[in-house]
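Below is one structure, written out as structure tokens; comments come after it.
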Amino acid sequence: MEYGVVVFYSTSWALKAEKVAKEGGFEVKLIPTPRQISSDCGTALRFRWEDREALLALLESKGVRIEGVHKI
Amino acid sequence: MSRFFASRIGIIVSGAIIGALAALLVLWGNPPNMGICVACFTRDTAGALGLHRAATVQYIRPELIGFILGALLGALLFKEFKPRSGSAPLIRFVLGFFAIIGALVFLGCPWRAYLRLAGGDLNALLGIAGFIVGVAIGVFFLKRGYSLGRSRPVGTAVGLVMPVFALILLLLLLFRVSFGENAPIFFSKSGPGSLHAPILISLAVGIVAGFLAQRTRFCTMGAIRDVIIMRDFHLLSGVLAFIVAAFLVNLAIGKFHPGFAAQPIAHSNHLWNFLGMVLAGMSFALAGGCPGRQFFMAGEGDGDAAIFIFGMLVGAAFAHNFNLAGVPDKIVDGKLVVGGPSLWGQIAVIVGLIIVAAIGWTMREK
């Protein structure tokens, strides 16, 4: 299984994204932002890479602000 | 190399090294259970600069200078030096201000709370409990949409303000500069401020801690927050390693003395130990990092973290100029006199709780 993470500039957006994604039926999990991606001690949303387009479209439609998307 | 620092074993080893060095600093001359205390050391530095005149707590602490320079080194070596700012700086100043007032009512930031526990000071349990509650309240606000907004890349000068400030402090310390009679730089002749390890040892420990923390994201607040938000124990494992290593070193050097009463530079006023750290925990959670973390981020070029530190510096000055800080327990004629904050200190904590909660409630992004 391949995964990706969405990173945010604020933990509150990560929490919002998790809620929105779960309500949308996506299999996601909050994880600490992987050290390789960012030096901050923040929170990121892990998702199944195959869901990428659908998930990002959902987050955008719900007004969740994201910082970036990375494959892990 | 990067992979090692990012790993579970990396943060455990790093936490253990920092904890062991912190306990050893006491052997080398730092105050009891205060090998590293970011709040106390900021307070001492404010005193050395004459921002407050509490004669027993005045010394420019090289550990903090090392935190900044070590983090800067780590960031430069691994291309993570990123000057940034603009995420509600004034609010961060206020959070820093009240964080240190809460911490100084307890007589320690989370770093020292853990080190006090590792030295057998059971009052730390009340402080740590308060700290966890404070972080949990911060998480409640995060779940409501609390955010200070995004920071933006800025010019290199912004990122260098804190490292340059640290270098100036180092020069003032090394040359013991005097600006006149009864003028800074002050060096305590008695009390905690007079107790310190040799400058180069303190500086070296600070640099090592700063470097390791920058690489691993070691954070005494994030450890608690990540467990509450996502049941993730990565950062907590680093903090537990920090405590265990300090405890083992304390056992080995005969500095473990379990109990509540008359612990060094501590008071057993349980309510205010608890509430002081609720205030500190909330403030650190809303600012996104413990006080150590703020120094490391400032070393990486984060201008907002630097503003938080200046808020702590000013808050420390207020804490002592206005008699807000906790007074340690004393033994007078063989009897224990329980210390704690003055009425003004208690009022300051309540006011701080209200103001920080108002920040948590109102600073939202939709």
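Yes/no matrix, rows are residues, columns are (1) within 25 Å of B:Gly289 (Cβ to Cβ); (2) of a type in the set (Val, Ile, Thr):
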| residue | (1), (2) |
| --- | --- |
| B:Ile307 | yes, yes |
| B:Gly326 | yes, no |
| B:Leu336 | no, no |
| B:Gly339 | no, no |
| B:Ser342 | no, no |
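In region B:248-306, what residues are outside any helix (DSSP H, G or I) and within 18 Å of B:Ile18 (Cβ to Cβ)?
Start the filter on region B:248-306 by keeping residues that are outside any helix (DSSP H, G or I), which leaves B:253-269, B:288-290, B:300-302.
Once the filter is applied, which keeps residues that are outside any helix (DSSP H, G or I) and within 18 Å of B:Ile18 (Cβ to Cβ), region B:248-306 yields B:Ile253, B:Lys255, B:Gly289, B:Cys290, B:Glu300.
Look through region B:151-183, keep the residues that are surrounded by 14 or more Cβ atoms within 10 Å (Cβ to Cβ) and closer than 12 Å to B:Asp302 by Cα, and return whichever of them is modelled with the lowest pLDDT.
If we take residues in region B:151-183 being surrounded by 14 or more Cβ atoms within 10 Å (Cβ to Cβ) and closer than 12 Å to B:Asp302 by Cα, then B:Ser151 is modelled with the lowest pLDDT.
Within region A:24-45, count every residue that is within 14 Å of another protein chain (Cβ to nearest Cβ) and more than 28 Å from B:Ala298 (Cα to Cα).
Total meeting the criteria: 2.
Out of curiosity, is B:Gly315 within 14 Å of chain A (Cβ to nearest Cβ), under 13 Å from B:Leu279 (Cβ atoms), small (Gly, Ala, Ser) and in a helix (DSSP H, G or I)?
So B:Gly315 fails the test.
Conditions (1) without any contact (Cβ under 8 Å) to a residue 40 or more places away in the chain; (2) touching a Gly at 6+ places or on another chain (Cβ under 8 Å); (3) within 14 Å of chain A (Cβ to nearest Cβ), marked per residue:
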{"residue": "B:Ser237", "(1), (2), (3)": "no, yes, yes"}
{"residue": "B:Phe242", "(1), (2), (3)": "no, yes, no"}
{"residue": "B:Ala252", "(1), (2), (3)": "yes, no, no"}
{"residue": "B:His267", "(1), (2), (3)": "no, yes, no"}
{"residue": "B:Leu279", "(1), (2), (3)": "no, yes, no"}
{"residue": "B:Ala298", "(1), (2), (3)": "no, no, yes"}
{"residue": "B:Leu324", "(1), (2), (3)": "no, yes, no"}
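Identify all residues within region B:204-215 that are in contact with a Gly (Cβ under 6 Å, 6 or more places away or on another chain) and within 12 Å of chain A (Cβ to nearest Cβ); write none if there are none.
B:Gln214, B:Arg215
Within region B:202-223, is even one residue without any contact (Cβ under 8 Å) to a residue 60 or more places away in the chain and not charged (D, E, K, R)? Break it down into steps so the answer makes sense when it comes.
First, the residues of region B:202-223 that are without any contact (Cβ under 8 Å) to a residue 60 or more places away in the chain: B:223.
Retained after the next criterion (residues that are not charged (D, E, K, R)): B:223.
So far as region B:202-223 goes, yes, one or more of its residues are without any contact (Cβ under 8 Å) to a residue 60 or more places away in the chain and not charged (D, E, K, R).
Filter the strands (runs of 3 or more DSSP E) completely within chain A down to those with at least 3 residues that are in contact (Cβ under 8 Å) with a residue 24 or more places away in the chain, in contact with a strand residue (DSSP E or B) (Cβ under 6 Å, 6 or more places away or on another chain) and not hydrophobic (A, V, I, L, M, F, W, C).
Numbers: elements: A:3-7, A:28-32, A:43-48, A:68-71.
Per the criteria, A:68-71.
Tell me which residues, restricted to region A:1-21, are within 14 Å of B:Ile229 (Cβ to Cβ) and more than 8 Å from chain B (Cβ to nearest Cβ).
A:Phe8, A:Ala14, A:Ala17, A:Glu18, A:Lys19
Regarding A:Glu53, is this residue away from chain B (no Cβ under 13 Å) and not hydrophobic (A, V, I, L, M, F, W, C)?
On the way: away from chain B (no Cβ under 13 Å): yes; not hydrophobic (A, V, I, L, M, F, W, C): yes.
Yes.
How about region A:26-44: which of its residues are at pLDDT 85 or above and of a type in the set (Val, Ile, Thr)?
Scanning region A:26-44 gives A:Val28, A:Ile31, A:Thr33, A:Thr43.
Please give the helices (runs of 4 or more DSSP H) falling wholly within region B:72-172 in which 1 or more residues are in contact (Cβ under 8 Å) with a residue 24 or more places away in the chain, out of contact with any Leu (no Cβ under 9 Å at 6 or more places or on another chain) and under 24 Å from B:Leu203 (Cβ atoms).
Details: elements: B:89-106, B:110-118, B:123-143.
Because the criterion is at least 1 residues that are in contact (Cβ under 8 Å) with a residue 24 or more places away in the chain, out of contact with any Leu (no Cβ under 9 Å at 6 or more places or on another chain) and under 24 Å from B:Leu203 (Cβ atoms), the helices (runs of 4 or more DSSP H) in region B:72-172 that meet it are B:110-118.
May I ask you to list the residues in region B:115-165 that are in contact with a Ser or Thr (Cβ under 7 Å, 6 or more places away or on another chain) and either within 24 Å of B:Phe67 (Cβ to Cβ) or away from chain A (no Cβ under 14 Å) (or both)?
B:Asn123, B:Leu148, B:Ser151, B:Val154, B:Val158
Looking at B:Ala75, B:Ala55 in this structure, which one is away from chain A (no Cβ under 14 Å), of a type in the set (Gly, Ala, Ser) and more than 20 Å from B:Ile199 (Cβ to Cβ)?
Details: B:Ala75 fails: away from chain A (no Cβ under 14 Å).
On inspection, the qualifying residue turns out to be B:Ala55.
The values are calculated or read from the model by the stated rules, or taken from the named source; none is laboratory data. Predicted model, so just to flag it, every value in this text is computed and none were measured. Every residue, glycine among them, receives a Cβ derived from its backbone with ideal geometry; neighbour counts consider all protein chains shown.
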